[in-house]
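Note sheet for the following structure.
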Amino acid sequence: MEKVNLEYISIIWHEMRTPLTSIRWYLSMILEWDMWDISPEARKALNHCYDSSVRLIKLVNDVLVLSKIENWKMKYYPSKIEITEFLKSVYNDIFIEAEEKKIDVKIEIDKNLKQKNIFYDENRLKQVFINLISNALKFTDLWGEVIIKASLKWNNVIFEIIDNWVGIAKEELEKIFEKFSQASCDLQRLNSCWLGIWLALVKNILKDFKSQINVKSEVWKWSNFYFELNLA
């Protein structure tokens, strides 16, 4: 597939950003202010619209970032990141999404990693985690579990995102990181299993970090996405 034209994507993003942000703000205002007399059915619909606007903004932003990476236009700003505090921050960002689905998210950190640091672009690394965790939450059923794990390996840290629901067939594992790929799925309640933009973005960011995303899975049991980064 040819690389997405960066200038074209940038124009689309900047044209879409203002109306999308306005839509999200007005929906938030309507939902939060007590002055509006809204029925439960209407509130449910408005919440769905708000969530959709947030996902659309994230999608466009991720496409733009991926396009920058592919066109060698991405700038990284590495800084010292304390592992434990960083994972707590990631947890805070995904807590509401997990709470809505009644999914238990756990953080497991090797005791030898306490107060240890890594040196990467924190915003882009958080984007990696949010995409992987959101993907795990999407394919974990109600009352399921997602584990964010950090383990010490020599002078490196292995990060894992583990879920315990749908799983991925062996024949699908290689293609899920391709741009706009979609894995097959037997769940009738899911319209599609995933749009490859999010996992493709993860793959490309980690590649720029001199790392690689890997996955192990067993259908209808679990999936484990993992990667390795150097300690600072």
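One residue is enough: does segment 86-95 have a residue meeting the conditions among the small types (Gly, Ala, Ser), buried (at least 16 other Cβ atoms within 10 Å of the Cβ) and outside any strand (DSSP E or B)? Looking through segment 86-95, none of the residues is among the small types (Gly, Ala, Ser), buried (at least 16 other Cβ atoms within 10 Å of the Cβ) and outside any strand (DSSP E or B). Checking each residue of segment 60-73 against the condition of being assigned to a helix (DSSP H, G or I), of a type in the set (Ser, Thr, Tyr) and within 19 Å of the chain's Cα centre (by Cα) gives at least one match.
Among the residues of segment 51-85, those that are exposed (fewer than 14 other Cβ atoms within 10 Å of the Cβ) and either in contact with a Cys (Cβ under 9 Å, 6 or more places away or on another chain) or without any contact (Cβ under 8 Å) to a residue 12 or more places away in the chain (or both) comprise 52, 55, 72, 75, 85.
Can you name every residue in segment 130-179 that is over 24 Å from residue 93 (Cβ atoms) and either touching a Gly at 6+ places or on another chain (Cβ under 6 Å) or among the aromatic types (Phe, Trp, Tyr) (or both)? Hits for segment 130-179 are 154, 178, 179.
Taking the conditions exactly as written (assigned to a helix (DSSP H, G or I) and touching a residue at least 24 places away in the same chain (Cβ under 8 Å)), does residue 148 satisfy them or not? Give the steps one after another, and end with the answer.
Working: assigned to a helix (DSSP H, G or I): no; touching a residue at least 24 places away in the same chain (Cβ under 8 Å): yes.
For residue 148, the condition - assigned to a helix (DSSP H, G or I) and touching a residue at least 24 places away in the same chain (Cβ under 8 Å) - is not met.
Could you tell me which of the residues 146, 105, 157 is more than 25 Å from residue 221 (Cα to Cα), of a type in the set (Val, Ile, Thr), surrounded by 13 or more Cβ atoms within 10 Å (Cβ to Cβ) and in contact with a strand residue (DSSP E or B) (Cβ under 9 Å, 6 or more places away or on another chain)? None of the other options fit; the residue is 157. Residues in segment 67-108 that are among the charged types (D, E, K, R) and more than 27 Å from residue 230 (Cα to Cα): 6 in all. Within segment 121-138, can one find any residue that is among the hydrophobic types (A, V, I, L, M, F, W, C) and in a strand (DSSP E or B)? No - not one qualifying residue is present in segment 121-138. As for segment 167-184, it holds at least one residue that is at pLDDT below 65, over 15 Å from the mean Cα position of the chain (by Cα) and either within 15 Å of residue 215 (Cα to Cα) or aliphatic (A, V, I, L, M) (or both). Of all residues in segment 124-166, those satisfying the criterion of being over 30 Å from residue 112 (Cβ atoms) and within 14 Å of the chain's Cα centre (by Cα) are 138, 139.
Determine, yes or no, whether residue 64 is more than 25 Å from residue 229 (Cα to Cα) and hydrophobic (A, V, I, L, M, F, W, C). Criteria not met by residue 64.
The values are calculated or read from the model by the stated rules, or taken from the named source; none is laboratory data. Computed from a predicted model, the values in this text were never measured in an experiment. Ideal geometry is used to build each Cβ from the backbone, glycine not excepted, and the neighbour counts take in all protein chains shown.
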